[in-house]
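The values are calculated or read from the model by the stated rules, or taken from the named source; none is laboratory data. Quick caveat, the model's predicted, so the values are computed rather than measured. Reconstructed Cβ throughout: ideal geometry from the backbone, glycine too, with neighbour counts over all protein chains shown. Each accessible area value is taken on the protein alone, full model and side chains, heavy atoms only, with ligands, DNA and RNA left out. Shrake-Rupley method; radii C 1.70, N 1.55, O 1.52, S 1.80 Å.
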Amino acid sequence: MSRVVTPLRITVETQAQRFVIRWKDGHETTFPLDGLRRACPCAACRGHGNMSELPDPNLFRVPALMQWNRLKVQPAGSIGVRLVWDDGHDTGIYSWERLRAMCPCTACSEE
């Protein structure tokens with residue numbers, strides 16, 4: 001994860017259950033909300049293991065287990081965002097670099 005990444009716009013589409021990031025380089029990353037929740041990078045969710053390890057990309061392709069309707073996006077300095085989920089979970093800070101590296105699109109999966 002060494003690429004410099006800068007987000008231009010973040011959109012939470014609760015109807016479609018998607019989290020969309022438009023990047024400065026023109027790329028667009030779309031995560032299913034439930035997959036993004038299951039990919040939470042916090043120590044409690046990751047089991048205090050290798051915190052830099054990325055989740056299996058197939059995590060974003062499995063059917064959703066939950067609907068997320070009140071997701072809040074909070075800035076985490078200049079490094080990324082903190083997501084506050086409907087279940088109250090809010091300890092995961094998703095860095096821009098990690099979000100870009102986790103992009104589930106076909107082009108990124110082939111890199």
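When we screen 55, 7, 41, 32 for residues that are within 22 Å of residue 108 (Cα to Cα), in contact with a helix residue (DSSP H, G or I) (Cβ under 8 Å, 6 or more places away or on another chain) and open to solvent by 40 Å² or more (accessible area, probe 1.4 Å), the only hit is 32.
The requirement of being modelled with pLDDT of 95 or more and touching a Pro at 6+ places or on another chain (Cβ under 7 Å) is fulfilled somewhere in segment 73-84, by at least one residue.
Yes or no: segment 26-36 includes at least one residue that is part of a helix (DSSP H, G or I), touching a Leu at 6+ places or on another chain (Cβ under 9 Å) and over 17 Å from residue 14 (Cβ atoms). Checking segment 26-36: not a single residue is part of a helix (DSSP H, G or I), touching a Leu at 6+ places or on another chain (Cβ under 9 Å) and over 17 Å from residue 14 (Cβ atoms).
Can you find a residue that is part of a loop (DSSP other than H, G, I, E, B) and in contact with a Cys (Cβ under 9 Å, 6 or more places away or on another chain) anywhere in segment 62-79? So far as segment 62-79 goes, no, none of its residues is part of a loop (DSSP other than H, G, I, E, B) and in contact with a Cys (Cβ under 9 Å, 6 or more places away or on another chain).
Checking each residue of segment 96-108 against the condition of being more than 12 Å from residue 36 (Cα to Cα), part of a loop (DSSP other than H, G, I, E, B) and not aromatic (Phe, Trp, Tyr) gives at least one match. Checking each residue in segment 73-89 for being more than 16 Å from residue 12 (Cα to Cα) and either open to solvent by 30 Å² or more (accessible area, probe 1.4 Å) or basic (Lys, Arg) (or both) picks out 77, 78, 79, 87, 88, 89.
Flag not set for residue 104, criterion: exposed (fewer than 13 other Cβ atoms within 10 Å of the Cβ) and in contact with a Lys or Arg (Cβ under 8 Å, 6 or more places away or on another chain).
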